[in-house]
Each structure stands twice: as structure tokens, then as C-alpha cells.
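A short reminder: the numbers here are calculations on the coordinates, not readings from a lab. Since the model is a prediction, treat every value here as computed from it, not as a measurement. For neighbour counting, all protein chains shown are included, and Cβ atoms are generated from backbone atoms with ideal geometry for every residue, glycine included.
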2 protein chains.
Amino acid sequence: MARSQPAVDKRRMILDAAVRVFARQGFHTSRVSDVADEAGVAYGLVYHYFDSKDQILDTLFLERWDILLQAIGEVDAQAIPAREKLYAIASFIVDSYRHDPDLMKVIIVEVTRAANTFGRTHLQQIQNAYVQIAAIVERAQREGEFRAGITPDFAALAFYGAVEQVLTGWIFSLLPTGDREYEQAKALIVETICGGLDRVDGRPAVAGS
Amino acid sequence: MARSQPAVDKRRMILDAAVRVFARQGFHTSRVSDVADEAGVAYGLVYHYFDSKDQILDTLFLERWDILLQAIGEVDAQAIPAREKLYAIASFIVDSYRHDPDLMKVIIVEVTRAANTFGRTHLQQIQNAYVQIAAIVERAQREGEFRAGITPDFAALAFYGAVEQVLTGWIFSLLPTGDREYEQAKALIVETICGGLDRVDGRPAVAGS
DNA sequence: CGACCGGTTGACTGACCAGTCAATCTGTCG
DNA sequence: CGACAGATTGACTGGTCAGTCAACCGGTCG
């Protein structure tokens with residue numbers, strides 16, 4: 001068996017296995033032994049690399065959320081309309097789901113939407129995303145792209161809420177999945193939040209797919 | 001001690017105690033003995049009235065969700081614009097929170113947002129709400145009040161997502177609470193989802209409080 | 001009074017599982 | 001080689017609770 005000097009990264013294998021197990025069974029019905037088995041590793045090794053079962057989930061969440069926050073920051077740094085910024089953020093999150101649905105499922109279901117369990121610990125981190133989105137809205141209002149009257153905090157909540165709700169719909173098979181659906185969702189999220197549902201004379205309807 | 005023939009309703013006392021305990025500690029860190037103690041009742045009596053700890057939560061959820069579904073149905077039966085229907089639904093949910101924050105916290109945090117635990121069992125029931133909201137949107141589109149192009153399912157998701165996200169904000173103190181805030185939230189949810197964030201010439205900004 | 005019964009009690013049990021730890025393995029370096 | 005260090009193993013322990021159950025209580029009825 002070809003293996004490099006430091007051997008295969010067992011820590012990484014445990015994290016990857018944990019994603020699969022947590023996605024399949026849910027965090028709190030997963031036993032540490034399930035994760036060890038899935039990783040093909042002895043029970044005790046999990047505790048060589050992690051202090052606790054919780055810490056595994058913390059690690060998964062923080063790794064990914066940092067990437068998200070950084071992506072939002074980069075989007076915001078570009079000189080493009082706010083609507084396009086929101087589209088880029090929705091895209092990033094949707095594509096994250098497309099690329100690794102199990103990981104996103106775990107993060108959303110077990111952390112983000114579980115605010116009284118793990119979310120509690122990471123509330124600050126989660127809120128960072130809202131704050132960044134609110135800043136985008138606030139600037140767009142100041143510059144006249146978005147109308148005033150809707151508080152930026154609120155708009156951020158609604159935007160993030162829509163994104164999370166759509167992912168949740170995919171996760172629990174309430175919505176069809178697929179490349180077409182992913183692209184359509186990005187467009188519809190932005191179109192709903194920015195354009196609204198109201199019919200406004202002279203404003204064209206959204207183009208189909 | 002004055003007590004009527006059938007004695008005080010111990011079953012109800014257990015349910016009410018459960019709401020307080022689950023809201024305070026979260027469902028899965030609450031012990032059945034915590035609920036019994038809070039209700040001032042012996043441990044075993046809980047199992048006289050309920051088959052399991054889970055069934056207590058199921059009961060709380062179903063009781064309340066039925067009321068919500070019925071309220072949505074009644075709203076939809078009225079001959080008023082869709083925008084007002086959505087406002088009435090948002091009002092109902094927000095007022096439910098105002099009236100009994102602990103109960104709504106438990107329902108949202110432990111059931112609605114916990115789709116892989118309890119939500120799984122009640123997915124159908126939860127989805128009923130989406131379906132009813134989508135029907136409102138669909139009709140409004142057919143009648144020209146809402147523009148076409150945004151699928152009703154999607155609009156329902158975004159609307160419900162915004163409401164749930166706001167409640168979550170209150171529950172975890174990310175948003176200020178209070179009568180003013182509740183009224184403002186109702187208006188802003190509807191204004192965001194129906195009116196959108198975009199500035200549209202000739203459309204007035206939202207009035208303040 | 002005495003039998004009966006639903007409501008009520010709380011000690012107890014059985015299962016489960018996170019986390020520990022002593023032993024073993026593997027590789028490296030002098 | 002031999003000794004040391006870090007990686008790896010998995011049996012075991014301690015604590016936690018959900019759910020059970022045998023006993024008890026207080027009212028009702030014949």
C-alpha cells in the first residue's frame with residue numbers, strides 16, 4: 001500500500017466520516033463508535049485527535065463557516081451592485097450544498113438551525129454572517145440602489161432565512177434537487193428578496209430558466 | 001385546599017410545566033424528572049398521561065400547529081388582498097409569540113427547526129402550512145395582484161422563512177423584543193416579501209412605526 | 001363497612017454510551 | 001540494535017435517564 005511518511009491523515013478521515021455519519025443519523029443519535037467504524041479507525045483514536053464528540057462537530061462547523069464568512073467578505077469587496085452581491089452569496093451557499101450536501105446538511109441542521117444546542121456556542125459566528133449581509137444592504141440603501149424603510153438587519157434576516165429555508169427544503173426532500181433547480185433557486189431567492197412579490201407596472205416578470 | 005371533583009387537570013399541568021422546562025433547558029437536555037418536579041407531580045404520573053417523553057413534545061406541537069393551520073385557513077377564506085392575508089398570517093404567528101413565548105420557542109426550536117429529530121415526524125404537518133401559503137400566492141398571481149415568475153412554493157418558503165427567522169432572532173436575543181418591535185416586524189416581513197428591497201421609482205418608502 | 005378503581009407515588013432497573021487508559025504497534029534516530 | 005515517542009487499539013467504567021411497577025391513597029357505591 002502506497003502511503004506517504006506521515007501516513008494518511010487519520011484526523012481528516014475521522015472528520016470526513018463524521019460528516020457522513022452525522023448527515024445520515026443526526027448528531028445526537030450518532031455514537032462515537034459509529035464515527036470510528038465509518039472512518040475505519042479504532043474508537044480510542046477519535047479521542048486522540050478530539051477532546052469530545054462535540055468538538056468534532058465544532059470543528060466541522062468552524063472550518064466551513066470561516067470559508068463562508070471569507071467568501072462574503074470577498075463578494076462585498078467587489079464594485080458591483082448589491083443585487084449581484086446577494087446573488088453571489090446565494091450562489092456560494094447553494095454551490096457549497098451542491099458540492100458537499102452532507103456537510104451542509106450537518107452544518108445547517110445540527111448547528112445553524114439548532115440554535116439552542118450547538119448554535120448557542122456559535123451564535124456569535126453565525127451572527128457575523130447576518131452583520132455582513134446587513135452591511136451590504138445598508139450601503140445599497142445609502143447609495144440609492146435599495147429603498148430605505150426596510151432596516152438592513154431585517155433584510156439580512158429575510159435573505160438569509162430564505163436561503164436557509166431553501167437548503168432545508170432540499171435536505172428534507174420538500175423541494176426537487178438538481179443543477180437546474182440550484183440555478184433557479186439562486187435567481188429566485190434574489191428576485192424575491194430584491195424584487196418582491198408585488199406586481200409593479202412596467203417591471204418585467206422574471207425570465208424562465 | 002379547594003379543588004373541584006375531577007381535581008385540577010394534572011395532564012394540563014404537566015404539559016404547561018413541560019413548556020417551561022423545554023424552553024429553559026431545551027428538550028433533549030430536559031429530564032422527565034425535571035418536568036415532573038416543575039409540575040409538582042410525581043415522576044410516574046407523567047407516564048400515566050403520556051407514553052413517552054417524546055409524546056409530550058408531540059402533543060405540544062400538534063395542539064398549537066393545528067391552531068395555526070386553522071388560522072391560516074380562516075385568513076385565506078376572507079375576501080381581502082393577498083398582501084393583507086400574508087400580513088394576517090404574520091400577525092397571528094407574531095402574536096402567538098407575544099402571548100406565549102415559551103411555547104413558540106419550544107415549537108420552533110425543538111420541532112420546526114429540528115427537522116431531523118422531531119420535525120421529521122411532523123414534516124407533513126409543517127409542510128401543510130407552506131402549501132396553504134403557496135395557494136394564497138398562486139391565486140394572487142392568477143388574479144394579477146402578484147406578478148408571475150416567482151413560483152408560489154418558493155414565495156411560501158421565503159415568507160415562512162422570514163417569519164421563522166425573525167422569531168428565532170427574538171428567541172435568541174439577536175433582535176430587540178417589545179410591542180413596538182412586534183408590530184414593526186409584521187409590517188417589515190410583508191413589506192420585504194411583497195415589496196422587495198429594490199428601489200422602484202414612484203413607489204413610496206415604508207412609513208415608520 | 002368493605003370492595004373497587006382511577007389517580008398517584010417514587011424507588012428501581014436495564015440499556016446505553018461518552019470518555020479513559022494501559023497495552024501494543026510502528027517508525028525513527030543515535 | 002535499542003530506546004524513545006507518537007500513533008493506534010479496544011476493553012472497561014461511571015454516570016445518566018427513560019421507562020416500569022408494586023404499593024398506596026382517597027373517593028364511590030352496594
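Select from region B:138-173 the residues that are among the hydrophobic types (A, V, I, L, M, F, W, C) and more than 7 Å from chain A (Cβ to nearest Cβ) and list them in ascending order.
Of the residues in region B:138-173, the ones among the hydrophobic types (A, V, I, L, M, F, W, C) are B:140, B:146, B:148, B:150, B:154-159, B:162-163, B:166-167, B:170-172.
Matches in region B:138-173: B:Ala140, B:Ala156, B:Phe159, B:Val163, B:Leu167, B:Trp170, B:Ile171.
What number of residues in region B:122-131 are crowded, with 18+ Cβ neighbours inside 10 Å and under 14 Å from B:Ala155 (Cα atoms)?
Qualifying residue count, region B:122-131: 2.
Go through region A:33-54 and give me each residue that's surrounded by fewer than 17 Cβ atoms within 10 Å (Cβ to Cβ), near DNA strand C (Cβ under 8 Å from one of its atoms), of a type outside the set (D, E, K, R) and in a helix (DSSP H, G or I).
A:Ser33, A:Tyr43, A:Gly44, A:Tyr47, A:His48
Taking B:Ala71 as meeting all but one of (1) in a helix (DSSP H, G or I); (2) closer than 23 Å to B:Ala23 by Cα; (3) of a type outside the set (Ser, Thr, Tyr), write down the number of the exception.
Failing condition for B:Ala71: (2).
Taking region B:7-32 as the region of interest, how many residues are surrounded by fewer than 18 Cβ atoms within 10 Å (Cβ to Cβ), within 14 Å of another protein chain (Cβ to nearest Cβ) and within 9 Å of DNA strand D (Cβ to nearest atom)?
Looking only at that region, the number is 2.
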